[in-house]
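Remarks on the structure that follows.
The values are calculated or read from the model by the stated rules, or taken from the named source; none is laboratory data. These numbers come from a predicted model, not from an experiment. Here the Cβ positions follow ideal geometry from the backbone for every residue, glycine too, while neighbour counts run over all protein chains shown.
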Amino acid sequence: MSNLEADIVVIAAGASGLAAAIAAAEGGAKVISLEKGSTTGGAGNMGMGPLGVESRLQNEKGIAITRDEAFQIFMDYTHWRVDARLVRAYIDKSATTIDWLEKMGVEFIDAKAYFPGGQLTWHLVKPTTGKPGPMASGTMMKIMTDRAKELGVKILLQNPAQKILKQGGRITGVQGEDRSGNPVQANAKAVIIATGGFGDNPEMIKKYTGYEWGKDLFSFRIPGLAGDGIKMAWEVSAAPTDMNMELIYMMPGEFDPALGETFRQPHLLVNLLGERFMNEGIMPNTTFTGNAIARQKDKTAFLIFDENIKNHMETVGYDEKSVVFPFTKVENLDALIKDAFDKGYKDVFVTDTLDELSTKTGINADNLKKTVEEYNGFCEKGFDPVFNKKQELLRPIKTPKFYAAKFFPSAYGSLGGIKINHKTEVLDKNWKVIPGLYAAGTDACTIYGDSYVFVLPGNTMGFALNTGRIAGENAAAYIKTIG
């Protein structure tokens, strides 16, 4: 067995792990990072940017939200069913973390909201291409990796951690294996778990959240996020937490982003019973929509529009514009649908009649016709007495062809597993600190209650970066107290 020596071992080198390693090294610690993947960044490579409150960028743009206001919004949203000290510590640190990243060379283009009515807290990373969008944060992960190496952090890729070592009540290191499969032991005075949750583990998803991946959940699966750190923490007496999914909604499978945005517009949304179940105007809030769909029969919904609405989206444009995919209209929907059909995509439907649509989708035919008739009446009157949908979004479903797409709950990943305090120290089942053990990011993210706090966008990446920093700083301070 190879033996390595460090002050602190960080398990994984994603957003929280890199932040922890850098912060610990800046605190004077000798750090080893064990990453089972072949690259650094993990899920941090997939996003667009973190939350920040009272940052330099916000101040320059006159964005007035304060840390106190953000904290109040957060706690009201979660009904105080979360750790308020941890929420406060995270929000209060967020602006300095944006500054910290900028000093490394990370550039932020803007501070945005995810949807109308949300707060301008989402700090969009400027990627090497210069244009923000999905995976822009990969540029930030590269800069953080370079900074960690500059500070002397030893990043061992394809070196999975397998067991946390504990002796006399204290953490003493990590066992794992190298890229050749040979055993490795990294001795240390503290360990930081930052393994990104269990979003790539269907068995854990089903056991701990109740969803069956591929049947009633089509969430993002980042390879390697299998719950390793959570299980290792439990093995050394860490207390478990509630575990759930960071719920949104999605058409399953792969398709052109323009096709996806077309079918995410706020038209008629029904369940398998043929009934409306929400105000379609809130569809840009993907968390609320995911919640609503998850309550329906078979956790299934269908977005429906007709030929007139299709023509409107091709000429006038979309009602809702996405920050992620900033299309303003669909250029040629027929071509997009034909391409999807040619590739075997089965969750978009085009029919000449509502009866045919019911047959193809499984929607109750009688109820669908009643719902469409009722909905068209609302459109004629310009008022929705059931869900109070805005008048400008009320467009009747009358003119063939009829178009539909099938939706299920989705998720960015998992949430929770390891109980921590506001210092990111891991707690046992008696709420006592396990000396030398820390956890950051998704493995310990229990601050949302039952729904992702999308009103303050950038939260999950922000939580990962900030709790990583907190863990690294506190672990570096801890090892100095034990000699």
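Does Phe288 meet the test of being within 21 Å of Gly362 (Cβ to Cβ), of a type in the set (Phe, Trp, Tyr) and either crowded, with 17+ Cβ neighbours inside 10 Å or at pLDDT 95 or above (or both)?
no
Look through Gly416, Gly468 and report the one residue that is on the phi > 0 side of the Ramachandran plot and among the small types (Gly, Ala, Ser).
Result of the check over Gly416, Gly468: Gly416.
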Practice task
Tell me which of these Arg264 doesn't satisfy, since it passes every other one: (1) surrounded by 17 or more Cβ atoms within 10 Å (Cβ to Cβ); (2) in the same structural domain as Val82 (by TED's automatic domain parsing); (3) in a loop (DSSP other than H, G, I, E, B); (4) not β-branched (Val, Ile, Thr).
Solution key: (2)
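Can you give me the ranges of the strands (runs of 3 or more DSSP E) entirely in the range 110-202 with at least 1 residues that are free of Cβ contacts under 8 Å to residues at least 60 places away in the same chain? Break it down into steps so the answer makes sense when it comes.
Details: elements: 122-125, 154-157, 161-167, 170-177, 183-187, 190-193.
It comes to 161-167, 170-177.
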Problem - Test for Ser358: is it over 20 Å from Leu272 (Cα atoms) and modelled with pLDDT of 95 or more - result: no
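This table checks each residue for (1) out of contact with any helix residue (DSSP H, G or I) (no Cβ under 9 Å at 6 or more places or on another chain); (2) without any contact (Cβ under 8 Å) to a residue 60 or more places away in the chain; (3) small (Gly, Ala, Ser).
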{"residue": "Asp339", "(1), (2), (3)": "no, no, no"}
{"residue": "Asp352", "(1), (2), (3)": "yes, yes, no"}
{"residue": "Glu373", "(1), (2), (3)": "yes, yes, no"}
{"residue": "Asn376", "(1), (2), (3)": "yes, yes, no"}
{"residue": "Glu392", "(1), (2), (3)": "yes, no, no"}
{"residue": "Arg395", "(1), (2), (3)": "no, no, no"}
{"residue": "Ala404", "(1), (2), (3)": "no, no, yes"}
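Would you mind finding the one in Asp347, Asp352, Asp306, Asp298 that is on the phi > 0 side of the Ramachandran plot and either assigned by TED's automatic domain parsing to the domain that holds Phe454 or touching a strand residue (DSSP E or B) at 6+ places or on another chain (Cβ under 9 Å) (or both)? Break it down into steps so the answer makes sense when it comes.
Numbers: Asp347 fails: on the phi > 0 side of the Ramachandran plot; Asp352 fails: on the phi > 0 side of the Ramachandran plot; Asp306 fails: on the phi > 0 side of the Ramachandran plot.
When all the criteria are applied, what remains is Asp298.
Here is a yes/no grid of residues against (1) buried (at least 22 other Cβ atoms within 10 Å of the Cβ); (2) in contact with a helix residue (DSSP H, G or I) (Cβ under 6 Å, 6 or more places away or on another chain):
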| residue | (1), (2) |
| --- | --- |
| Gly37 | no, no |
| Pro50 | yes, yes |
| Thr66 | no, no |
| Phe71 | no, yes |
| Trp80 | no, no |
| Tyr90 | yes, yes |
| Leu101 | yes, no |
| Asp110 | no, no |
| Thr129 | no, no |
Exercise for the section: Working carefully through the options Gly483, Gly436, Gly441, Gly472, find the one that is out of contact with any Leu (no Cβ under 7 Å at 6 or more places or on another chain), crowded, with 24+ Cβ neighbours inside 10 Å and farther than 28 Å from Ile73 by Cβ. Expected result: Gly436
Exercise for the section: Taking only the range 402-430 into account, find how many residues are out of contact with any Phe, Trp or Tyr (no Cβ under 9 Å at 6 or more places or on another chain), surrounded by 17 or more Cβ atoms within 10 Å (Cβ to Cβ) and part of a loop (DSSP other than H, G, I, E, B). Expected result: 0
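So which residues in the range 124-149 are of a type in the set (A, V, I, L, M, F, W, C) and under 20 Å from Gly52 (Cα atoms)?
Initially, the range 124-149 is screened for residues of a type in the set (A, V, I, L, M, F, W, C), giving 124-125, 135-136, 140-141, 143-144, 148.
Leu124, Val125, Met135, Ala136, Met140, Met141, Ile143, Met144, listed by residue number.
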Handout entry: Residue within the range 444-463 that is among the acidic types (Asp, Glu), assigned to a loop (DSSP other than H, G, I, E, B) and not assigned by TED's automatic domain parsing to the domain that holds Gly227 present
Key = no
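Might you let me know whether the range 148-169 holds any residue that is closer than 17 Å to Ala25 by Cα, touching a strand residue (DSSP E or B) at 6+ places or on another chain (Cβ under 7 Å) and of a type in the set (Val, Ile, Thr)? Let's see the steps before the verdict.
Residues of the range 148-169 closer than 17 Å to Ala25 by Cα: 148-156.
Now drop any that are not touching a strand residue (DSSP E or B) at 6+ places or on another chain (Cβ under 7 Å), which leaves 148-149, 153-156.
Those still in the list that are of a type in the set (Val, Ile, Thr) too: 153, 155.
Within the range 148-169 (the criterion being closer than 17 Å to Ala25 by Cα, touching a strand residue (DSSP E or B) at 6+ places or on another chain (Cβ under 7 Å) and of a type in the set (Val, Ile, Thr)), the answer is yes, since at least one residue qualifies.
For Asn466, are the conditions met, namely being free of Cβ contacts under 8 Å to residues at least 60 places away in the same chain and either basic (Lys, Arg) or touching a Ser or Thr at 6+ places or on another chain (Cβ under 9 Å) (or both)? If you could, list the steps in order and put the result at the bottom.
Numbers: free of Cβ contacts under 8 Å to residues at least 60 places away in the same chain: no; either basic (Lys, Arg) or touching a Ser or Thr at 6+ places or on another chain (Cβ under 9 Å) (or both): yes.
Against the criterion (free of Cβ contacts under 8 Å to residues at least 60 places away in the same chain and either basic (Lys, Arg) or touching a Ser or Thr at 6+ places or on another chain (Cβ under 9 Å) (or both)), Asn466 does not qualify.
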Handout entry: Qualifying residue in the range 184-201 (condition: surrounded by fewer than 17 Cβ atoms within 10 Å (Cβ to Cβ), assigned by TED's automatic domain parsing to the domain that holds Val9 and more than 28 Å from Gly28 (Cα to Cα))
Key = no
Completion exercise
Considering residues that are small (Gly, Ala, Ser) and out of contact with any Pro (no Cβ under 9 Å at 6 or more places or on another chain), the number found within the range 118-135 is 1
Practice task
Look at Thr241 and say whether it is β-branched (Val, Ile, Thr), at pLDDT 95 or above and part of a loop (DSSP other than H, G, I, E, B).
Solution key: yes
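Within the range 204-221, how many residues turn out to be touching a helix residue (DSSP H, G or I) at 6+ places or on another chain (Cβ under 9 Å) and under 27 Å from Leu165 (Cα atoms)?
Kept after step one, since they are touching a helix residue (DSSP H, G or I) at 6+ places or on another chain (Cβ under 9 Å), are these residues of the range 204-221: 204, 211-217, 219-221.
Subsequent filtering for residues that are under 27 Å from Leu165 (Cα atoms) retains 204.
Matching residues across the range 204-221 total 1.
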Handout entry: Subset of the range 22-62 [over 24 Å from the mean Cα position of the chain (by Cα), under 21 Å from Lys103 (Cβ atoms) and free of Cβ contacts under 8 Å to residues at least 60 places away in the same chain]
Key = Arg56, Asn59, Glu60, Lys61
